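Have a look at the structure below, then the notes.
What follows draws every value from the coordinates through simple rules; no lab data is involved. The structure displayed is predicted, hence computed values, not measured ones. So basically every Cβ, Gly included, is an ideal-geometry build from the backbone, and we count neighbours across all protein chains shown.
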Amino acid sequence: MRPHGLSSRMLANGREDQVKLSEVGELTMLLRAHDAGDGSAMEKIYNLIYTDLRMLASRQIDASRTLSATGLVHECYLRFRDAQTLEIKDREHFFRLAARVMRQVVIDNARARSADKRGAGVPDLPLDENLVADDPEWMFLLELEEALNKLDDERLIAVFECRYFAGMSETETASALDVSTRTVQREWQNARKRLADLLTE
Amino acid sequence: MTDRDEILNRLRPGAGLALLQQSEAKQLAGLPGRVLGGYRVGRLLAEGGMSHVFLGERTDGEYERTVAIKVIATGAFSPMLRDRYELEKDILSRLNHPNIAHLYDAGNTDEGWAYLVMEYVEGTTIDVYCREQELSAEGCVDLLLQIASAVSYAHRHLIVHRDIKPSNVIVTNDGTAKLLDFGIAKLLHGSDGQTTIGGIMSPIYASPEQLQGNPVGVESDVYQLGLLLLVLLGEDVQSLQRPVPSLVERLANERSLSVSPALRANLPTDLIVILEKALRTDPAKRYLSVETLISDLRNFRTGYPISARPPGAWYVATRYVSRNRAAALVAAISSCAIIGVSVGYTIELSRSEQVAASRAASSERMLSAMTSILNETHYQLIRSGAVDGEPKDGIIRNEPLRYVLQRTEQVLEQELTQEPAARAQLLHLQGTTNAVLNELEQSLAKLSEARKLAQQLDDTELELRILLDVASTLDHQGDLPGATETVAGAFAHPAFATADPELQSRALVMRGRLAVNGGDYLAAREDLHKAITELEGHPAGPTTLLADAYKIMADTWLVPELIEEGRTWALKSVDAYTRAAGDRYYGLRSAYSAVGWTHQAHGEYEEALAKFSQARDISDYNFGTTSRNTAAEMNNMAMSLRGLGRFDEAVEMYEQCINIYQALYDKPNYQLAVSYSNMGNANADRGNMATASDNYERGLELSRQFSSKSERVRALLHNNLGRHLVDLGDLEAGKHNLEESLQLKSARFDPDSPSIARTRLALAEAALQGGNNEQAAALTVQAGVALEKAYAQKPWRLGRLREVQGRLALADSDFTRAATLLSQARDMRREEFGVGHPKSLYPSLLLAATALTQGDHDSATSWLERSAPAKQLAATHPTRVEWELLHLRTLRSAGDTEQALAAARQLRSVLMTTYSLRNDWLQILDGVNETPRAFI
């Protein structure tokens, strides 16, 4: 989960004197590998930022801490050692990916919670009204995920992920996806409508 | 509202994230009443950024204990980390400090959340406490010191906190500050010492290296303690750290956090300096440890000067450290064993925990400090390949050692104010470096202070090492008895028998060195042999200590002029020094010098000159061109130049030596005395007899003004002066000096040593000149036995003996024997000094005299012609005078009265001014006693 793989590769190359990682960090390399069509790179990026986003999200349970959702992704971004050296293109790429990862985080959580409810639960956990009341939320998220998977428009999905799961603003989304704000507005509305259609079928 | 509308409403920006967060909050709310690891979860006490803290109590009712249960509602641990988690938990639960909230237990809930059962601390968070109590800056510092001592304690147990922030410090009603969550960050994030991805810490309070995902060590806690203090003092840290882009920019440019202008106006300058040093972006530029920070904060509180200072210009100098220089540098300070250790630790140091693991707090600091010196002077630069080649300016040119000394002093001042162990080590390093630079008084002062500290600390090993270095310095100072006593003290130390073998060897080498100086070569060899046996077994190859031992072993043979054995050891020492410390190590000076001496002793003056010159280069490089060591090598070079007949250069070189010595010392010392005496020899070579007399007298006069380093020096001075006086015809004074020298030599040297024999030979020459042939013969026989034995393999060294033997034969009118001996002498002298050297010409003159005494005019003229180069010598040179006298005699014997009278007139003025006491010569001049006194 941490950028150690690179470090040990460098050790193997005999550059043990170099304690710090090279200027081009793992994230950059992974992003570029992904661009170049390396399928496994995406998985690695996921792993890299998943935990981080997960924890950052949890930390914001405390309502008094008012880091915005954008701050969440941004902060995650800052944690990568090469974040400052990431090129603009890679940075946009990162935010785009982070939004996708956030979707994963949220959906995974929903799956886990509903699994709890379906019997894999905890023996001494007293039946809690809150949890029961929560149930429809989990179900909603899982259905939403199903609906999202039915969409075939990548840009539409991307805009939705940025806005809904990562809470990014229109401007940020536009920047992350390298499209105009107007496009973001239009696609966001389109996505909502199409998803609402799918969910009410 | 339709379903569709409701769905559209749900699909609003950020709603996905919000659902996640709500779900977790609700999940947590269900925790009270459940049992976690033997504790029942009670009411919610606090919600933190990432965790929820519940009250808890034991379920078994065995004893009452109220605890705090902290639940970290995040993603689960990877199973891989479970074992590690258990281990860490055990370590953390052993932390026992009044300012650390104790950890009782830790585990995972069924949801996979981590929970920690901790000591329940009732009170307020430290920032609130400071505000409510309206604490002064001093009060805040005192409170922070409690926390810092807890952190320092934990560091000694290899635990770095990583997440020091106001909400983690609770102050109880009685004013005790307690640090929560020790090591939790690591507990939750595995073993690798990094804690960034996963973001458990609060970004506002994260150290720069945490934010950048770099390895995190004790420096991170230093930073966070600094930041905590800043918060307590009223700084709005959040605004300092925001906005985020400026934080990124600050990190990218390695700009350090600075105290805001508003707060700055209200704080004492020292406190600002302390804060800003703790808060530097580059971990290496912060306080090297929490103890150093504590020390400065205490100094601030008690009004002592603090250690933190802005970085100085010295750093620039490090750019010019070249590879070789660096190697020599490390070697130079390796006499302080701890340096050797710290080099090894440099790589490790990036993982500060390992340093903490290996040493108690004080040594860790010391190591860090040492590592800084080494880093800055060479290590990083070499490794990064940033430097190579020669220095670009004069900053440290020729003086890397002095540079180390200065750096050590700076570190001492900057980093260590009170901490005695580290201070002792650094003082020791300073003292030894002082000694290498021949700053003997400073060296003794530093070492004495270091020794006191070592005694207070009960650090016997350090004390022993210091004792040995004290002895070394005393020896340099010429205080042989003091040095010997000090070394004896080390051997008698109760801890010596069980000390490190390397230390024992060091002591043996030192005692060997002192024994050499005291003239006890057998004892020296015994000690050195033991040390060498031990040290040669060292798996890492030769050390400089082994090279030292070889070198001193060489001295045990060279000083009594057992050249072959001496050269073997001297060459070994050159090899060992080079392998251990590179080809510019300062110790190589004396090693090259020793090899030079063996060449000198063999009459290989060109080779000797080359070695001495190498030795001088090493000295120039390490000590500067006007150092004592450089002067010593110039002395040696001058000696070789004399052997080569380059007298003017020799005199010039002696003059330079003398200038150096006079600039270096305000008091006379033996080097100066010896230089004068040697310059006397060179001046006599040039025929400047009067100047030579002055030189000799001056040398001896100086030797009376200092307590001589060793009586060897006095023996040399008396010998030189004695021979000169004999040359001048002052036989009584000459004999007196020679006898004095003989006595001094006999007390030190083997009776058979060539050195003693040479003085005897000089006495024989004096006796011959005085007409006391029997005494001369007796002395020559004594000297001859020793010299023949010593130079069995080097017959050409017997030239002077043959000369004297030939003169004795001549005095006995045994002309055939005289001619044979003098021919031998001539060949030997020519082989040793070359054809044109005055010493090579002299036997020819004696052969001429032999022929003349026999009445063989033609042969005499022939020998005179062959020794005609003597006419090129100065009019006052003894060999020139001898030639002129013989020439006079041939003129007379040829009956050429007119020319003889003219020659006699010229000679008379020379003899009257310079050789008024040479009765033998004056008699020849006056034509008295032509035949009976047939020697010259």
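Placing +1 on the Cβ of every Lys and Arg and -1 on the Cβ of every Asp and Glu, with no other charges, gives region B:681-824 a dipole of roughly 560 debye about its Cα centre.
If only the Cβ of Lys and Arg carry +1 and only the Cβ of Asp and Glu carry -1, the dipole of region B:830-915 around its Cα centre is close to 260 debye. Ordering of B:602-610, B:624-632 by packing is B:624-632, B:602-610, highest average first (other Cβ atoms within 10 Å, averaged per residue).
Note that region B:913-923 has calculated 3J(HN,Hα) couplings of 7, 9, 10, 5, 9, 7, 4, 4, 6, 4, 5 Hz, one per residue in order, obtained from phi through the Karplus relation 6.51 cos²θ - 1.76 cosθ + 1.60 (θ = phi - 60°); glycine and proline are x. Projecting the Cα atoms of B:Pro751, B:Gly643, B:Ala690 onto the charge dipole of region B:604-762 (Cβ charges, centred on the Cα centre) puts B:Pro751 farthest toward the positive pole. On full extension, the segment bounded by B:Asn96 and B:Ile204 gains 36.0 nm, given 0.36 nm per residue less the C-alpha separation.
Work out the FRET efficiency for B:His493 and B:Asp814 from their Cβ-Cβ distance, taking R0 = 60 Å, and round it to the nearest 0.05.
0.40
For A:Thr183, put the label point 7 Å out on the Cα→Cβ axis and report which residues of region A:145-162 keep their amide N under 14 Å from it. Taking a point 7 Å out along Cα→Cβ of A:Thr183, the residues of region A:145-162 whose backbone N falls under 14 Å are A:154-160.
By how many nm would the segment from B:Arg12 to B:Ala902 grow when fully extended, if each residue of separation counts as 0.36 nm and the alpha-carbon distance is taken off?
307.3 nm
For region B:486-577, what class follows from the C-alpha gyration tensor (a ≥ b ≥ c being the square roots of its eigenvalues): rounded when a/c is under 1.5, otherwise prolate if a/b is larger than b/c, else oblate?
oblate
One Cα centroid belongs to region B:643-681, the other to region B:892-919; the line between them spans 34 Å. Annotation: the residues B:His538, B:His724, B:His161, sorted from fewest to most other C-beta atoms within 10 Å of their own C-beta, follow the order B:His538, B:His724, B:His161.
Note on B:Asp648 and B:Gln923: the model spin-label points, each 7 Å out from Cα along the C-beta direction, lie 3.8 nm apart. Taking label positions 7 Å along the Cα-Cβ direction at both B:Glu132 and B:Glu865, the computed distance is 12.1 nm, reported to one decimal. Look at the stretch B:28-37: the mean tally of other chain Cβ atoms within 10 Å of its residues' Cβ atoms is 2. Peptides A:140-151, B:440-451 ranked from most to least packed give B:440-451, A:140-151, packing being the mean of other C-beta atoms within 10 angstrom over each peptide's residues. Using a Förster distance of 45 Å, how high is the FRET efficiency between B:Glu739 and B:Gln455, based on the Cβ-Cβ distance and rounded to 0.05? Taking R0 as 45 Å, the efficiency between B:Glu739 and B:Gln455 is 0.40.
Placing pseudo-labels 7 Å out from each Cα toward the beta carbon at B:Arg4 and B:Arg704 gives an inter-label distance of 12.6 nm. Between B:Leu440, B:Val470, B:Thr484, the Cα set farthest toward the positive side of the dipole of region B:437-550 (charges on each charged residue's Cβ, about the Cα centre) is that of B:Thr484.
What's the center-to-center distance, using Cα atoms, between region B:830-884 and region B:1-39 in Å? So the separation of the two Cα centres works out to 119 Å.
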